[in-house]
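Data first, discussion second: the structure below is written as structure tokens.
The values are calculated or read from the model by the stated rules, or taken from the named source; none is laboratory data. Owing to the predicted nature of the structure, the values given are computational and were not obtained by experimental measurement. No Cβ is skipped: glycine too gets one built from the backbone with ideal geometry, and neighbour counts run over all protein chains shown.
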Amino acid sequence: MRRVVAACLAQLQANTPGALMLPGRGAADDSAANAESVHQMRVAVRRLRCALRFFDTASARGARKRFGPALRRLARILGEQRNWDVFIGTLLPHCGLPPGPLGRARRRALRLRRAARGRVRDQITAPVHERLLKGLQRWLASLPAPDEGTEGGAAPGDTPVAGKSALRKFARKGLVRLQRRVKRGAKHFLTMPNKARHAVRIDVKRLRYAVDATGAWFNPRAVKRYTAALAALQQWLGDLTDINMACMMLRSLGLDEAALAGAQGGLRAREVALLIAAPLRFAKGQAAAGFWKRKQPGQPGKLRQEGRHGEHSKHGTHGKHETRSKQPIQPKTGGHHV
């Protein structure tokens, strides 16, 4: 946990100067740099909040109670600008609006984004933000050092084999819990309302960040495959969320009813095309799961593989009943959802 939190704080602070930059009119490069910095700050906050949930120690629970409200507020303000950045750069040009309404909608959207950028700037230059960062740094410094072997969490490379075994056991429990939540969500995804689908996306995000935080304790090749599958699944879910967000944002652009209905209809058609792929998307993620059940490098003895109901197979990792020997299809990754 100590290592993950330190990395999140470093990422947050490194991108603050870019988020404070206010691009001039027509400064496309500056605008892109500002948008990327805000995106990276948002990712850092999300990873930090997920880490405090996953590493559910007494110190993490105390940190959630102390810093949680400020982190949620920061995430919300960063998210408001991020939504406009994605809407203007990715979705608005493909809404199918005629040139006249499209130009008016874009000018209105740019004004709303400038206002959102101003709120980001106000937030991260406010004394409350400085207090948040200093408080997190002091809390991080108060955690036990890695070589003390306590709940602060050791760096995997410096941990004895027995210590790594305990860390794997802890991580395995959390990863199984999150994977089961994602699997339940996938089962009914197509019939869910948008709010429930968004909750599934959050579960996938938390699972991916948990894998990032604990993956060094497991087989790196298996972790890499699963991380790629989760990244692709998260990107796809993010595209669905962006479409629903864009349909709401269009209402604030002063469009007449006919233009609004046409633009939303075009976005909903894209949504349907994405939803058709839902079974395949979730199946690819599930196919790469389970690396935490396999024998890890440096782990002595035979690994007992859990069966469907939690019993252990007698055949070991090379028995005829092993079900995870096939190489999963590796989906392509990329995009703006991390």
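Which is at pLDDT 95 or above and over 18 Å from T125 (Cβ atoms), of R72, R3, R49, R64?
Going through R72, R3, R49, R64 in turn, just one is at pLDDT 95 or above and over 18 Å from T125 (Cβ atoms): R72.
Checking the stated criteria, A222 turns out not to satisfy the condition of being assigned to a helix (DSSP H, G or I) and farther than 30 Å from R3 by Cβ. Within the range 33-56, none of the residues are crowded, with 18+ Cβ neighbours inside 10 Å, touching an Asp or Glu at 6+ places or on another chain (Cβ under 6 Å) and in contact (Cβ under 8 Å) with a residue 60 or more places away in the chain.
Among residues of the range 31-86 being β-branched (V, I, T) and in a helix (DSSP H, G or I), the one that is farthest from Q137 (Cα to Cα) is V86. For the condition surrounded by fewer than 19 Cβ atoms within 10 Å (Cβ to Cβ) and at pLDDT below 85, S165 qualifies. Return the residue satisfying two criteria in turn: it lies in the range 253-267 and is out of contact with any Leu (no Cβ under 7 Å at 6 or more places or on another chain) and over 12 Å from H94 (Cα atoms), and of such residues it is surrounded by the fewest Cβ atoms within 10 Å (Cβ to Cβ). Only one residue fits best here, namely E257. Using the structure shown, decide if K302 is in contact with a Gly (Cβ under 9 Å, 6 or more places away or on another chain), charged (D, E, K, R) and modelled with pLDDT of 80 or more. So K302 does not fit the description; no. Scanning the range 90-113 for residues that are surrounded by 14 or more Cβ atoms within 10 Å (Cβ to Cβ) and touching a residue at least 40 places away in the same chain (Cβ under 8 Å) yields T90, L91, L92, C95, G96, L97, P101, R104, A105, R108, A109, L112.
Scanning the range 190-219 for residues being in contact with a Pro (Cβ under 7 Å, 6 or more places away or on another chain) and either part of a helix (DSSP H, G or I) or surrounded by 22 or more Cβ atoms within 10 Å (Cβ to Cβ) (or both) gives a total of 2.
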